[in-house]
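Following: one structure in structure tokens, then a few remarks.
The values are calculated or read from the model by the stated rules, or taken from the named source; none is laboratory data. Every value quoted in this text rests on a predicted model; they were computed, and no experiment measured them. Neighbour counts run over all protein chains shown; Cβ positions are idealised from the backbone, glycine included. For accessibility, only protein heavy atoms count, side chains too; no ligands or nucleic acids. Shrake-Rupley method; radii C 1.70, N 1.55, O 1.52, S 1.80 Å.
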Amino acid sequence: MGPALLSLAGVALGAGGSLFGQYLVSRAGARQFEAQASAAHRAEVKSAVLKFLGVAAQVEKAALAGSRVAGAAADADAELGRLVDDLWLAQAEIDLAARGESLRGAAYRYAAPLAEAARDGVSDGSALRGPQARFFDAAYDDMWPGRQRETGGSAAPR
């Protein structure tokens with residue numbers, strides 16, 4: 001009876017070890033999936049943010065140039081209108097890609113004064129720096145939640 005009990009204990013120990021091994025493998029697989037999903041999200045948000053910033057820079061440049069030239073031509077107005085449309089489309093792309101409301105709101109709060117500056121003209125773009133900085137912070141928080149931005153370019157956990 002002793003060898004039978006030892007044999008049974010060996011089978012139970014082997015089954016337990018096998019189940020524990022499968023648990024560890026599935027847990028590692030879940031972590032790997034989370035890491036891949038997070039990297040894919042960062043890439044999507046980064047693409048949307050860079051597109052938005054590119055269009056925002058064009059809108060700001062056109063708004064500043066338009067305010068310097070009195071009586072801008074109809075072609076310039078049409079081009080500025082197209083740029084503002086592109087700005088709102090890029091902002092909508094951020095709405096779709098962002099995880100949180102913080103980035104969505106910051107993108108809107110940056111796009112709205114840009115569109116207004118394009119419509120009314122602006123002589124100084126400094127009023128846009130605050131919404132732009134808040135947009136950058138929100139984009140960083142959306143791509144790397146829980147990490148604080150530092151001026152040196154590296155990030156540390158909060």
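Assess whether GLN148 counts as being modelled with pLDDT of 95 or more and either farther than 13 Å from ALA56 by Cβ or open to solvent by less than 80 Å² (accessible area, probe 1.4 Å) (or both).
Working: modelled with pLDDT of 95 or more: no; either farther than 13 Å from ALA56 by Cβ or open to solvent by less than 80 Å² (accessible area, probe 1.4 Å) (or both): yes.
Spelling it out, it is not the case that GLN148 is modelled with pLDDT of 95 or more and either farther than 13 Å from ALA56 by Cβ or open to solvent by less than 80 Å² (accessible area, probe 1.4 Å) (or both).
Quick one: is ALA15 farther than 17 Å from PHE135 by Cα, free of Cβ contacts under 8 Å to residues at least 40 places away in the same chain and not hydroxyl-bearing (Ser, Thr, Tyr)?
Criteria met by ALA15.
Looking at (1) modelled with pLDDT under 95; (2) open to solvent by 80 Å² or more (accessible area, probe 1.4 Å); (3) of a type in the set (Lys, Arg); (4) in a helix (DSSP H, G or I), which is the only condition ARG42 fails?
(2)
Tell me, please, whether a residue that is of a type outside the set (Gly, Ala, Ser) and at pLDDT below 85 can be found in the range 52-67. Before the answer, list the steps.
First, pick out the residues of the range 52-67 that are of a type outside the set (Gly, Ala, Ser): 52-53, 55, 58-61, 64.
Within this subset, residues satisfying the condition of being at pLDDT below 85 are 64.
Yes, some residue in the range 52-67 is of a type outside the set (Gly, Ala, Ser) and at pLDDT below 85.
Count, please, the residues in the range 81-129 that happen to be among the acidic types (Asp, Glu) and under 25 Å from ARG42 (Cβ atoms). Don't jump to the end; show me each part of the working.
At the first step, the residues of the range 81-129 found to be among the acidic types (Asp, Glu) are 85-86, 93, 95, 101, 116, 120, 124.
Filter again for under 25 Å from ARG42 (Cβ atoms), leaving 86, 93, 95, 101.
Residues in the range 81-129 being among the acidic types (Asp, Glu) and under 25 Å from ARG42 (Cβ atoms): 4 in total.
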